[in-house]
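Colleague: Dropping the structure in here first, questions after.
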Amino acid sequence: MRGIIPGKVLSYLEKALQSKSGDSDARISDYFDLAAGTGVGGFFTAMLFATRDTSRPAFCAEDTWRFLADKGRRFYRKPSSSSSAASSTPAVFRCVFQGGRGRGMAEMTRAMEMAMKDTFGESLTLRDTVKPVLIPCYDLQSSAPLVFSRADALESESYDFRLWEVCRATWAEPGRFEPIEMLSVDRSTVCIGVDGGLAMSNPTAAAITHVLHNKQEFPFVRGVEDLMVLSLGCGAAAAASVPESAGGRLEHQKLRQWGAKEWARPIARISSDGAADLVDHAVSLAFGQCRNANYMRIQANGPSSGRCGADVDCDPSSANVKVLLNVAEEMLKQKNVESVLFGGRRISEQTNMEKLDWIAGELVLEHQRRSCRIAPTVAFKQASPKLKTGIFPK
């Protein structure tokens, strides 16, 4: 459910693009050459770049967060409050401590699959995207991360998978949703996919690497100075994960008394958010002196993200949705937080909203410049007509 936060950011950005371009039908995919996302971010990526007619995207940015707000209760269930420790523990750890698959996991998985099929249908594949996408999962079959890529799908049907299954795989949080066994379009590749966040909680570096080494589609990209990158987070870990005193300092004595159950939630958050932050710092270092103009990360920090409850990820109630919408609105008004070269962070002079307005203006200008050039800046691979026999039901 925390995906509502970046969903609202995407919605704001798309409206800014429409306002600055004067085109009420403008979409995110008109201005970005590639998108990458993990978990709910992978689902949003597929929504914003999927197409049913090979020309225009099937969804707008507003549809992303509304999917969670309107349909989240179909496949998310707030944990029972009978045990505060259990309710604040991520699903995968709860299964370890309590044993078993967790009540209702099969039902939630079926509901998730139905929601995915309702959104994308059963015929759309990775080829049915308007521009390059990267969506990772962890493949239990090969015990390695697997990145679903439009470029690979266009090269071979062995790497082309149905979109609804791709989204199911990247969003399959262990302990909450079952793994999914997937077959490629030609049935030659098997993947047993689980949550992409286990291996790649922040796919920004993968996206940059894909562009730098894909000279066929991005022939004029020489280095990071030729890129403009926007990275969105789902909100930093809530401060309530660890005990604090009235002054906001961590209570060391209480932490010393914690056992495995008490550490489960903080460890999961530290692992996920820490990996994402590490990528943020590495990317910031890679951009060097051009980072302020070429790289931006939007992330909820401080009191706003801390107001979310322990069950923020899985509580589909209207009350939690309202809290998340408020957090998103507050985040847009917050000062942007930048990673500083060689460590640390600093507060920017601009708010996240002002940063998004600026990047929207830059994207519109670049779009206008490209329309005046004789040679295309990018040369995206095009999908060949799909045969009806090319998609097989499971």
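Colleague: Going down the list Lys71/Lys261; Lys71/Lys117; Lys20/Lys215; Lys71/Lys131; Lys261/Lys335, which pairs span over 24 Å between their C-alpha atoms?
Modeller: Working: Lys71/Lys261 31 Å; Lys71/Lys117 13 Å; Lys20/Lys215 31 Å; Lys71/Lys131 27 Å; Lys261/Lys335 35 Å.
Over 24 Å apart, Cα to Cα: Lys71/Lys261; Lys20/Lys215; Lys71/Lys131; Lys261/Lys335.
Colleague: If you don't mind, there's one more thing I want to ask. Starting from the Cα-Cα distance between Ile270 and Val340, subtract it from 0.36 nm times their residue separation and give me the gain in nm to one decimal.
Modeller: 23.2 nm
Colleague: Once a ≥ b ≥ c are taken as the square roots of the eigenvalues of the Cα gyration tensor of segment 120-217, is the result rounded (a/c under 1.5), prolate (a/b larger than b/c) or oblate (a/b not larger than b/c)?
Modeller: The shape class here is oblate.
Colleague: Between Asn294 and Leu278, what length in nm is gained on full extension when 0.36 nm per residue of separation is reduced by their alpha carbon distance?
Modeller: Residue separation times 0.36 nm, minus the Cα-Cα distance, leaves 3.9 nm.
Colleague: Just order 221-229, 112-120 by mean Cβ neighbour count inside 10 Å, highest at the front, would you?
Modeller: 112-120, 221-229
Colleague: Among 187-199, 353-365, how do they line up from the highest to the lowest mean number of other beta-carbon atoms within 10 Å? Mind showing how you got there, number by number?
Modeller: Values: 187-199: 19.8, 353-365: 18.0.
Output ranking for 187-199, 353-365: 187-199, 353-365.
Colleague: If I take R0 = 30 Å and measure r between the Cβ atoms of Ala319 and Glu62 in this structure, what FRET efficiency does the formula 1/(1 + (r/R0)^6) give, to the nearest 0.05?
Modeller: 0.90
Colleague: Stretched out fully, how many nm does the piece from Arg256 to Asp226 gain, at 0.36 nm a residue minus the Cα gap? Each step should come with its number before you reach the end.
Modeller: Numbers: separation 30, 0.36 × 30 = 10.80 nm, distance 4.88 nm.
That pair, Arg256 and Asp226, stretches by 5.9 nm at full extension.
Colleague: In whole Hz, what ³J(HN,Hα) sequence does segment 283-295 give by Karplus (6.51, -1.76, 1.60; θ = phi - 60°), x for Gly and Pro?
Modeller: In residue order, the calculated couplings are 5, 4, 5, 5, 6, x, 6, 9, 5, 5, 9, 10, 9 Hz.
Colleague: Kindly rank 27-37, 135-145, 271-281 from highest to lowest mean number of other beta carbons found within 10 Å of each residue.
Modeller: Output ranking for 27-37, 135-145, 271-281: 27-37, 135-145, 271-281.
Colleague: Suppose R0 equals 51 Å; then what is the FRET efficiency for Ser143 and Cys372 from their Cβ-Cβ distance, rounded to the nearest 0.05?
Modeller: Efficiency, from the Cβ-Cβ distance: 0.55.
Taken together, the values in this text are just the output of simple stated rules run on the coordinates, not laboratory data. In this text, all values refer to a predicted model and were calculated from it rather than measured experimentally. In this analysis, Cβ positions are derived from the backbone assuming ideal geometry, glycine residues included, and neighbour counts consider all displayed protein chains.
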